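The values are calculated or read from the model by the stated rules, or taken from the named source; none is laboratory data. Predicted, not measured: the structure shown is a model, and the values here were computed from it. Positions of Cβ are generated from backbone atoms using ideal geometry, with glycine treated the same way; all protein chains shown enter the neighbour counts. These area figures cover heavy atoms from the full protein model, side chains too; ligands, DNA and RNA do not enter into them. Shrake-Rupley method; radii C 1.70, N 1.55, O 1.52, S 1.80 Å.
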Amino acid sequence: MGDCAAVQPIAQGDYTYLCDGVPVPVFERWSLFQVGELFALHSTREIPALSAVISARALIGEGRIKQCVLRWHDVDRQKTIAASSYRAEESAPASGRYLYRATGMSTRRVAVGRALYFPLLRIFAGQLLGALAVQENAEAQVLVPWIHDPSQPRKLFVPEFSQRRVRFLEAVCARKGGEILDCYEYVGGQYDRGAIYGMANGLLREYRWQQGRSEWVVQLENLQGCWPGEALWPHPMVPATDAISAET
């Protein structure tokens with residue numbers, strides 16, 4: 001997929017996690033590179049409580065993920081516990097294939113068909129919501145690699161398909177900086193009560209969901225460089241007549 005180590009990112013940032021307003025030690029970073037006519041997007045999520053790191057390296061072109069390699073490492077990144085790869089079929093752009101392997105298991109292959117692919121890391125949310133928004137009824141099958149229970153390492157990254165949909169809610173002023181965010185509800189899979197995404201030009205700025213009695217919030221911090229917006233991937237468009245509300 002190419003080595004971007006010597007290339008400066010055109011944009012980068014961090015996502016911070018809060019549970020009921022209290023910071024959680026989960027550290028998620030991303031960097032975006034331009035490689036000719038394509039983009040390379042790298043992201044890692046460090047989870048000290050699980051002694052784990054999830055990393056994704058994706059190649060993006062024509063508004064879609066062309067290739068992506070996903071890995072679950074131990075905290076020192078010395079051992080790969082599970083790995084998977086996704087590749088879009090060039091002969092059928094709406095289709096793809098997915099390979100996955102956990103420790104002690106042989107590599108398995110699954111035809112993705114027309115399902116959308118989401119490689120876990122938050123920076124890919126804009127690509128997924130944008131792809132969902134143009135589907136009939138803004139709804140489609142989505143493949144998400146399984147990570148529900150890390151105590152079952154042989155199940156990590158098993159492909160999990162579920163029906164998901166997105167719905168525009170409103171445009172609001174962000175708490176920080178007064179930027180206008182387009183807010184969407186995302187429903188399906190484990191999000192029966194819906195998760196709320198705050199997007200700006202296809203970039204996830206804030207993400208909220210309810211887990212039991214706790215409210216989780218993910219926020220973008222330390223944004224640097226120039227986010228390419230539509231040049232990277234299409235994002236949902238909001239009707240011009242929708243009112244903007246002030247979020248306090």
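If you place +1 on the Cβ of every Lys and Arg and -1 on the Cβ of every Asp and Glu, how big does the dipole about the Cα centre of the range 2-119 come out, in debye to the nearest 20?
540
Which value does Rg/Rh take for the range 96-136 over its C-alpha atoms, Rh per Kirkwood?
For the range 96-136, the value is 1.09.
Of R57, R208, R108, which has the most accessible area with a 1.4 Å probe, and how do the rest follow in descending order? Walk me through the intermediate numbers first.
Values: R57 90, R208 50, R108 110 Å².
From most accessible down to least: R108, R57, R208.
Residue farthest toward the positive end of the dipole of the range 11-231, with Cβ of Lys/Arg at +1 and Asp/Glu at -1: which of A140, S84, C183?
Selected residue: S84.
Among Q163, G104, A40, flag the residue with its Cα farthest along the positive direction of the charge dipole of the chain, charges on Cβ as +1 for Lys/Arg and -1 for Asp/Glu.
G104
Roughly how many nanometres apart are two label points built 7 Å out from the Cα toward the Cβ at E62 and L38?
It is 1.3 nm.
Please report the accessible area of Y197 (heavy atoms, 1.4 Å probe, ligands and nucleic acids excluded) in Å², nearest 10.
Approximately 10 Å² for this residue.
Quick one: what are the phi-derived ³J(HN,Hα) couplings along the range 130-141, Karplus 6.51/-1.76/1.60 with θ = phi - 60°, whole Hz, x for glycine and proline?
After applying 6.51 cos²θ - 1.76 cosθ + 1.60, I find x, 5, 5, 4, 9, 7, 4, 6, 6, 9, 6, 6 Hz.
Compare the Cα positions of P228, G126, P153 along the charge dipole of the chain (+1 at Cβ of Lys, Arg; -1 at Cβ of Asp, Glu; about the Cα centre) and return the one farthest towards the positive end.
Most positive-ward Cα: P153.
With +1 assigned to the C-beta of every Lys and Arg and -1 to the C-beta of every Asp and Glu, and no other charges, what is the dipole magnitude of the chain about the Cα centre in debye, to the nearest 20?
960
Taking a 1.4 Å probe, which of K66, K79, K155 shows the most accessible area, and what order do the others take after it?
Largest to smallest exposure gives the sequence K79, K155, K66.
Taking the Cα-to-Cβ direction at S106 and at T16 and moving 7 Å from each Cα, how far apart do the two end points lie in nm?
About 4.8 nm separates the two model spin labels.
Could you please tell me the mean projected area of the C-alpha convex hull for the chain, averaged over all directions and given in square nanometres to one decimal?
Projected over every direction and averaged, the Cα hull of the chain covers 14.0 nm².
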